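The values are calculated or read from the model by the stated rules, or taken from the named source; none is laboratory data. Predicted, not measured: the structure shown is a model, and the values here were computed from it. Cβ placement follows ideal geometry from the backbone for every residue including glycine, while neighbour counts extend to all protein chains displayed. When the accessible area is computed, the model is the full protein with side chains, heavy atoms only, and any ligands, DNA or RNA have been set aside. Shrake-Rupley method; radii C 1.70, N 1.55, O 1.52, S 1.80 Å.
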Amino acid sequence: MEKIIERNLLFDFYGDLLTDRQRSIYQDAVYEDLSLSELAESYGISRQGVHDQIKRCNKTLEEYEQKLHLVERFQKIKEYSEALLVEIKESEDEKLYSVTKDYIEKIKEQL
């Protein structure tokens, strides 16, 4: 399950950097859950060609993350925001909690 989430995040952040064809095949494979046979028929290539294309996309997305670390930063910001909210809630300062919660929600909308 964690691998699927990681792949989705990588694609969300870097998918636009793939070629149109790569992006289309990857989306159909990952989001539409089409089989290699279905993809091969749809794109007019072999099952092996589809497999290679998906593997190449995964490698490319991972390389972008190794260089840019956007997914890593996103996850840390999310983690720190949630931890901050818990800390403030435990302080029992309702006004501070309410204000902080509003700002954290705004931050999450931007992520």
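Inclusion of Asp12 among residues that are closer than 27 Å to Gln110 by Cα, open to solvent by 100 Å² or more (accessible area, probe 1.4 Å) and over 16 Å from the mean Cα position of the chain (by Cα) is not warranted. Failed condition for Ile107, given (1) of a type in the set (A, V, I, L, M); (2) part of a loop (DSSP other than H, G, I, E, B); (3) open to solvent by 70 Å² or more (accessible area, probe 1.4 Å), with all others met? Of (1) of a type in the set (A, V, I, L, M); (2) part of a loop (DSSP other than H, G, I, E, B); (3) open to solvent by 70 Å² or more (accessible area, probe 1.4 Å), only one is false for Ile107: (2).
Scanning region 56-65 for residues that are open to solvent by less than 90 Å² (accessible area, probe 1.4 Å) and either outside any helix (DSSP H, G or I) or in contact with a helix residue (DSSP H, G or I) (Cβ under 8 Å, 6 or more places away or on another chain) (or both) yields Cys57, Asn58, Thr60, Leu61, Glu62, Tyr64, Glu65.
State all residues of region 1-21 that are more than 15 Å from Tyr31 (Cα to Cα) and outside any helix (DSSP H, G or I); if no residue qualifies, say none. Once the filter is applied, which keeps residues that are more than 15 Å from Tyr31 (Cα to Cα) and outside any helix (DSSP H, G or I), region 1-21 yields Leu18, Thr19.
When we screen Leu34, Leu96, Leu39, Leu85 for residues that are open to solvent by 50 Å² or more (accessible area, probe 1.4 Å), in a helix (DSSP H, G or I) and in contact with a helix residue (DSSP H, G or I) (Cβ under 7 Å, 6 or more places away or on another chain), the only hit is Leu96.
Table: residues versus (1) under 28 Å from Gln110 (Cβ atoms); (2) open to solvent by 90 Å² or more (accessible area, probe 1.4 Å); (3) part of a helix (DSSP H, G or I); (4) modelled with pLDDT under 95.
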{"residue": "Arg23", "(1), (2), (3), (4)": "yes, no, yes, no"}
{"residue": "Val50", "(1), (2), (3), (4)": "no, no, yes, no"}
{"residue": "Ile54", "(1), (2), (3), (4)": "no, no, yes, no"}
{"residue": "Lys67", "(1), (2), (3), (4)": "yes, yes, yes, no"}
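One residue alone among His51, His69 is more than 14 Å from Leu10 (Cα to Cα) and either in contact with a helix residue (DSSP H, G or I) (Cβ under 6 Å, 6 or more places away or on another chain) or not acidic (Asp, Glu) (or both), and that residue is His51.
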